[in-house]
Each structure stands twice: as structure tokens, then as C-alpha cells.
Amino acid sequence: MAPSLKRLAALCLLRARCVRAEEGLGQCHEMGSGRSCNSGISEAGSDGYLGYLWSIMSNKKDAVDGYVGRFDDGSLTERTTTDEYYDVATDFYLYGWGHSFHFATRFAGESLEDSIVRHEHFLSGKLGLKPGDKVADLGMGVGGPLRSIQRFSNADITGVTINDYQVRRAKKFTRSECSSQMSKHIDYRQGDFTKLVPEVFEAESLDAVYYIESSCHIANRTEVFQASAQALKKGGRLFSYEWVMTDRFDPKNSEHVAIKKGIELGDGIEDLVGIQGPLESLKQSGFRILEHGDLVDLAEEWYGDHNVPWYYDMAQKYSFASFRSFALSDFGQRTLGTFLWLGGKVGLVPEEASKTEQMLRHASINLVKGGELKIFTPMYYVLAEKI
């Protein structure tokens, strides 16, 4: 349900009272990449659309200028790109997507929320996860998919993200959502998923690992998958939903190149590669590929004229079917942008929040274009086994 004007006004007043207090929340220090300033980003507040709106309004987004500037001049390293990106983007993702920051195949009559859960369970089924399995969610976000997959499989799952703020968010959600028994099978660690052994896991200690739209943050997938190979037992399985440019992408086509760059900047990625990159990297890292394919194409085969494109909600001019569909639509994104811009002009919202929203909206536009032209897919799936 859309928030009332009265409640929004209360949020604005609370924001105004807390500006001075925020200034003392902490200084930049080493976090993940070593450049993050997320000690000044708080996970406090209610969990819900109003709570996430409050976080957008109150949490510092001053990293956005540095992120965009260093991204443009090429001075960001991939890990710093990822860490700083999620400092500024996580609150917006929570507002628009909820706890699971990924796309999904979908059919007519299925809600966005249900499709996302099904996408997660598809992964669990492919890996054959079961009680007692030791599993790693690499690039876990705030742990939404991890908790969903744990409920479905009852496996022991440890999530890894380079971003400290996401770890704190995930722990908060677990305290509020999960029983004490379920919590025993869940853990979250801040770390670099190209350096898993011995920093996070013991060698050959895992039965399975998975990446949900996260390995794309490192262009050299060999570096990524070799780390998993070290942590996996022999015969252990790896599953990944890959963000890649498809064979329809033409590097000589200026429109295609502009779309690719728009996705990269707006989603914290230095270089979106083609699918052959991840496939070859898996082979070089000691894996045998069991299955692979683009779920975009497969969904069209499975669902026919009932198929709903993965970018459907972002491509809508407006939608009031649910708050999430409203938030993801063009009108919903522009409404949030206008609110943040106006709030910034009167000092109720940090100016950087509006800049972050503009960056993410630009990414959304290019994701839709890439999806419509089929030059980009966020769901090329790969299932592999350690030899």
C-alpha cells in the first residue's frame, strides 16, 4: 500500500532532526576493498518500503561522486567498484526489489515475487542441495536468496559479500525472519570471493557453491572459479547465473556499445564479457561443464506466448499491480527521483541520493534496451562439477 502523506511528512521531519547526528557516524576505514566508507551507513530502521525509503533518505551516499568519477577515468579496481557500488545502491535495491537482487524467468499469471523464488529453487534443484550439505553463496547481497534456498533445501549455507553493509543487513534480516533452528544453518561473511581459502573456508570443505548474478563483477572468471575449485570437494558442484553479452552483441555497433557501457556503470561492473569467457574459465579452473544455456531463450520455448520477459516490470510506463511493480516501472522510478530531488533542494535528503537514483535509472533503461535487443542476458546458467 502506498505510504500516506502524513507518514512521509513524519519521515522528512525525522530526517531533518537526524542530519547532525549522522555526521558523527564514523570515518572511512578499510572494509572489503579497503576504500569503503560504509561505517557511516546504518542498517537501523524498520524493514518495509517506508523503512527502505528512510534508509535512502538518511544513509550517506557521498561515495557516488567518487564512484562515478573513478569509473569514468578507469582508476577503480574491480573490487573497489563492487564495494563502493553497493554502498550507494543497496538501499535502492531493497526499496525496489526486496531482499533478492536478481531477475527471473516468468510466465503469465505469476507474480514477480513468486518468479524470483522459483528462480532460486531452480538453482537449488540443479545443485541437488540437501540437508547436511556445506554450501557457499558467493556474492550474496543481503542474503535473500540464501535464506530462500536454505528453507527449501535445509542445507548449511554461508554467504560471502565484499560489502560490510550488506553483511550487517543480512544479519538483521535473519534475526527478524528466521527461527533459531534455521539460523544455525546460516552464516554470513565479509570477504573477497576470489580469495576463499583459507580466508573464508578450509580447502575442499564445500559440497556446492553458487553465484546469482554476482560473478560478473570480476571480468576474469578464471580467478573467480579457481577460488571455488580450491574450496570445493572433488565432485562438488558449481552453479552460476551469468550476466553476459550474447552472440547478438556487435562491438562495432555504437548503440550496442552504449547499452553495454550503461549497464556496466549503473550496475558496478567493469567489463561485461561474452558467454565463452565463463565457459572457458570453468574448464581452465578444473571443472567439467554439465549443463549450460540461456534461460531467456529457454523460457520462450517453455512458456510460448505466456512468457513474461525478465525486464517486463522495468519496461512498463506505469503499474499499480503491487508496490514493487510500481517502484520498478518508469513512473515509479521517476516518482522516487522527483521526491529525492525535491527533498535535496530543501535539505531533507542528501543531494547524493538523487544522483544515485539517476544512475540506477539510467542502468534500468539500458537493461531494458539490452533485453529487448537480446544483446544481453542476466540468466545464462551454468552447472559444473569439480573434476
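So the values come out like this:
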{"read-out": "Pairs where the first residue, in segment 207-233, is farther than 23 Å from H119 by Cβ and part of a helix (DSSP H, G or I) and the second is open to solvent by 20 Å² or more (accessible area, probe 1.4 Å) and of a type in the set (K, R), C-beta under 7 Å, 6+ apart", "value": "A227/K195; A229/K386"}
{"read-out": "Yes/no for L282 being open to solvent by 20 Å² or more (accessible area, probe 1.4 Å), aliphatic (A, V, I, L, M), part of a helix (DSSP H, G or I) and in contact (Cβ under 8 Å) with a residue 12 or more places away in the chain", "value": "no"}
{"read-out": "Residues within segment 344-359 that are more than 13 Å from F92 (Cα to Cα) and outside any loop (DSSP other than H, G, I, E, B), tallied", "value": "3"}
{"read-out": "Residue match in segment 275-282 (condition: of a type outside the set (S, T, Y) and touching a Gly at 6+ places or on another chain (Cβ under 9 Å))", "value": "no"}
{"read-out": "Scan of segment 171-205 for residues that are more than 23 Å from V224 (Cα to Cα) and of a type in the set (G, A, S), ordered by number", "value": "S176, S179, S180, S183"}
{"read-out": "Selection within segment 230-258 - open to solvent by less than 10 Å² (accessible area, probe 1.4 Å) and more than 19 Å from the chain's Cα centre (by Cα)", "value": "A231, L232, G236"}
{"read-out": "Filter result (open to solvent by less than 30 Å² (accessible area, probe 1.4 Å) and either among the acidic types (D, E) or outside any strand (DSSP E or B) (or both)) within segment 361-387", "value": "A363, S364, N366, L367, V368, G370, G371, I375"}
{"read-out": "Residue match in segment 308-316 (condition: modelled with pLDDT under 95 and β-branched (V, I, T))", "value": "no"}
{"read-out": "Given (1) touching a helix residue (DSSP H, G or I) at 6+ places or on another chain (Cβ under 8 Å); (2) part of a helix (DSSP H, G or I); (3) hydrophobic (A, V, I, L, M, F, W, C), number of the condition V142 does not satisfy", "value": "(2)"}
{"read-out": "Test: residue in segment 119-137 that is on the phi < 0 side of the Ramachandran plot, modelled with pLDDT under 95 and surrounded by fewer than 17 Cβ atoms within 10 Å (Cβ to Cβ)", "value": "no"}
{"read-out": "Scan of segment 339-357 for residues that are buried (at least 18 other Cβ atoms within 10 Å of the Cβ) and of a type in the set (K, R), ordered by number", "value": "K355"}
{"read-out": "Test: S124 is in contact (Cβ under 8 Å) with a residue 24 or more places away in the chain, more than 17 Å from G268 (Cβ to Cβ), small (G, A, S) and in contact with a strand residue (DSSP E or B) (Cβ under 9 Å, 6 or more places away or on another chain)", "value": "yes"}
{"read-out": "Residues of segment 125-139 satisfying the condition of being assigned to a loop (DSSP other than H, G, I, E, B) and of a type in the set (G, A, S)", "value": "G128, G132, G139"}
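The values are calculated or read from the model by the stated rules, or taken from the named source; none is laboratory data. What you see is a predicted model; the values in this text were computed from it and never measured. Here Cβ is always computed from backbone atoms with ideal geometry, including for glycine, and neighbour counts include all displayed protein chains. The area values use the complete protein model at the heavy-atom level, side chains included, leaving out ligands, DNA and RNA. Shrake-Rupley method; radii C 1.70, N 1.55, O 1.52, S 1.80 Å.
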